[in-house]
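Trainee: Before I ask anything, let me first share the structure, which is written out below as structure tokens.
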Amino acid sequence: MITGATSGVGKAAAMALAGSENELILIARNEKKGEAVKREILNLYPFTKVSLLLGDLSLMKDIRKVARQFQNKFESLDVLINCAGLVSSDRVETSEGIEQTLAVNYLSHYLLSNLLLPELKKSNQGRIINVASLIPPIAKVNFDDLNSEKNYNGIKAYLQSKAADVMFTYDLAEELKHTNMTVNAVHPGVVKTNLGVNTSKGFLYLFVKFSEKFLAITPEKSAKRIVYLATDPGLSKITGKYFKGGKKPVATNSFSNNPENRKKLLELTKLFIGQN
Ligand SMILES: NC(=O)c1ccc[n+]([C@@H]2O[C@H](COP(=O)([O-])OP(=O)(O)OC[C@H]3O[C@@H](n4cnc5c(N)ncnc54)[C@H](OP(=O)(O)O)[C@@H]3O)[C@@H](O)[C@H]2O)c1
């Protein structure tokens, strides 16, 4: 299962995984885009089994709906790739009252993973892959204003959501340590995708434009990082790690490794999810 399968890294990962015997479940918010990716896959690999489930992952009710639809149709899940994400110059609040970066980049990963644990458990070796980002020292969770209501900064909101992704990866790995399931996070690299479409001003705009022009790799190259984590037999017991492009995991910043911070995040997360 791949979220964010209609564009960029998620789409490239879906295309890369489609060539083998994998059955794919694409998650998309836009039916037309989802159907187009499905068609592209079937044109290239006519015998691939591919399903499309629709949901807006900024809404907890839609995430629950996607999980239910999956559970009604499938018995087990081998790999969940939480790839949907965004960065935005402006603060946008969902109809459930959650700032959209937090909702899509972090809460959707957290909630979908937790809802699908029973099916991942039924796999021989269920894997969760959280597509994070770079986690520099300034990537922190603002516990006083997780929802960016007092103050919104697109870069901070993005880095917060990605720090939260790796913190949740570490916690969930701890929770699952006596099971056959693994959960890891990955930085996909700086990649030329549609990620910058909602960045129209300020430093964020300049950073995105500069990165696209001088630093970015292709989605296909980036997808190799995800395919590695999804399929490499050598990783069957590697869990609670963060990968940045190499075969070996690397450490993230001290904030994300602090157990007190992770506990606070988990408490706040449960409040947010519980309300919706
Ligand atoms: N590109 C980079 O340099 C870079 C660097 C670090 C991390 N990342 C991470 O890589 C992941 C993939 O991003 P990308 O670069 O491939 O960007 P992208 O081309 O913009 O793809 C983002 C995907 O997320 C989906 N999405 C966004 N909001 C959604 C929502 N509310 N509900 C359901 N799906 C939603 C998009 O759907 P639509 O097609 O409908 O818009 C799209 O499929 C993200 O988590 C991003 O943070 C990217």
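The values are calculated or read from the model by the stated rules, or taken from the named source; none is laboratory data. Bear in mind the structure is a predicted one, so any value in this text is a computation, not a measurement. Positions of Cβ are generated from backbone atoms using ideal geometry, with glycine treated the same way; all protein chains shown enter the neighbour counts. What goes into the accessible areas is simple: the full protein's heavy atoms, side chains included, and nothing from ligands, DNA or RNA. Shrake-Rupley method; radii C 1.70, N 1.55, O 1.52, S 1.80 Å.
Trainee: What order do you get for 8-18, 161-171, 218-228 when each peptide is scored by the mean count of other beta carbon atoms within 10 Å, highest first? Please list the in-between numbers first.
Mentor: Numbers: 8-18: 23.8, 161-171: 26.0, 218-228: 19.3.
Ranking, from highest mean packing down: 161-171, 8-18, 218-228.
Trainee: Given the C-alpha atoms of region 148-242, compute the convex hull and give its volume per residue in Å³.
Mentor: 108 Å³
Trainee: Quote the FRET efficiency, to the nearest 0.05, computed for Val250 versus Phe143 with a Förster distance R0 of 25 Å and r equal to the Cβ-Cβ distance. Please list the in-between numbers first.
Mentor: Numbers: r = 25 Å, r/R0 = 1.02.
My answer for the efficiency is 0.45.
Trainee: With charges only on Cβ, +1 for K and R and -1 for D and E, what is the dipole size of the chain about its Cα centre, in debye, rounded to 20?
Mentor: 560 debye
Trainee: Just tell me, in residue order, which DSSP H segments of the chain are both 30 angstrom or longer along the helix axis (alpha-carbon based) and at least -1.0 in mean Kyte-Doolittle hydropathy.
Mentor: 154-175
Trainee: Per residue, what accessible area does region 129-216 have, given a 1.4 Å probe and all protein chains present, in Å²?
Mentor: The answer is 49 Å² per residue.
Trainee: About its Cα centre, how strong a charge dipole does region 1-80 have in debye, to the nearest 20, once Lys and Arg get +1 and Asp and Glu get -1 at the Cβ? Write down the numbers at each step before the final one.
Mentor: Values: 12 positive and 9 negative charges, 67 e Å.
So the magnitude is around 320 debye.
Trainee: Heavy atoms only, probe 1.4 Å: what % of the accessible area of the chain goes to carbon and sulfur, would you let me know?
Mentor: The computed percentage sits at 53.
Trainee: Then there's this: How high is the relative contact order of region 22-75, in percent, with contacts defined as C-alpha pairs under 8 Å that are six or more residues apart?
Mentor: Numbers: 55 pairs, mean separation 20.0, N = 54.
For region 22-75, the relative contact order is 37 percent.
Trainee: Testing the spin-label approximation: label points 7 Å from Cα along Cα→Cβ at Arg68 and Leu44. State their distance in nm.
Mentor: Those two pseudo-labels are separated by 3.4 nm.
Trainee: Under a no-solvent Debye model with one identical scatterer per Cα of region 42-129, what's log10 I(q)/I(0) at q = 0.12, 0.26 Å⁻¹?
Mentor: Normalising to I(0) and taking log10 leaves -0.42, -1.29.
Trainee: Also: Among the listed pairs Lys61/Lys140; Lys201/Lys264; Lys33/Lys65; Lys121/Lys248; Lys38/Lys224, give every one whose C-alpha distance is greater than 22 Å.
Mentor: Listed pairs above 22 Å: Lys61/Lys140; Lys201/Lys264; Lys121/Lys248.
Trainee: Now, a different point. Report the rotationally averaged projected area of region 156-210 based on its alpha-carbon convex hull, in square nanometres.
Mentor: Mean projected area of the Cα convex hull: 4.8 nm².
Trainee: At a Förster radius of 41 Å, what calculated FRET efficiency corresponds to the Cβ-Cβ distance of Glu31 and Phe203, to the nearest 0.05?
Mentor: The value I calculate is 0.70.
Trainee: For Asn151 paired with Ser95, estimate the spin-label separation in nm (one decimal), with each label point 7 Å from Cα along the Cα-to-Cβ line.
Mentor: Distance between the two pseudo-spin positions: 3.3 nm.
Trainee: Taking the Cα atoms of region 186-258, what is the range of coordinates along each of the three principal axes, in descending order and whole Å?
Mentor: On the principal axes, region 186-258 reaches 43, 33, 19 Å in Cα extent.
Trainee: Roughly speaking, what is the stretch gain from Leu54 to Leu271, that is 0.36 nm per residue apart minus the C-alpha to C-alpha distance, in nm to one decimal?
Mentor: In short, 75.6 nm is gained.
Trainee: Using only the alpha-carbon atoms of the chain as identical scatterers, what base-10 log of I(q)/I(0) does the Debye formula give at q = 0.08, 0.14, 0.15, 0.16 Å⁻¹?
Mentor: The calculated log intensity ratios at q = 0.08, 0.14, 0.15, 0.16 Å⁻¹ are -0.29, -0.97, -1.14, -1.33.
Trainee: Calculate the all-directions average of the projected area of region 117-160's alpha-carbon convex hull, and give it in nm². Please report the intermediate quantities before stating the final value.
Mentor: Numbers: hull surface 19.1 nm².
Over every viewing direction, the Cα hull of region 117-160 projects on average to 4.8 nm².
Trainee: Using R₀ = 25 Å, calculate the FRET efficiency as 1/(1 + (r/R₀)^6) where r is the Cβ-Cβ separation of Thr231 and Ser76; round to 0.05.
Mentor: Rounded to the nearest 0.05, the efficiency is 0.90.
Trainee: Taking Cα centroids, how far is region 82-151 from region 17-31 in Å?
Mentor: 21 Å
Trainee: Ok, one more. Would you give the gap between the C-alpha center of region 186-200 and the C-alpha center of region 210-241, rounded to a whole Å?
Mentor: What the calculation gives is 14 Å, centre to centre.
Trainee: Further question on the same structure: In a GNM of the chain with a 10 Å cut-off on Cα contacts, which of Leu117, Leu57, Leu80 has the highest mean-square fluctuation?
Mentor: Looking only at Leu117, Leu57, Leu80, the largest GNM fluctuation is found for Leu117.
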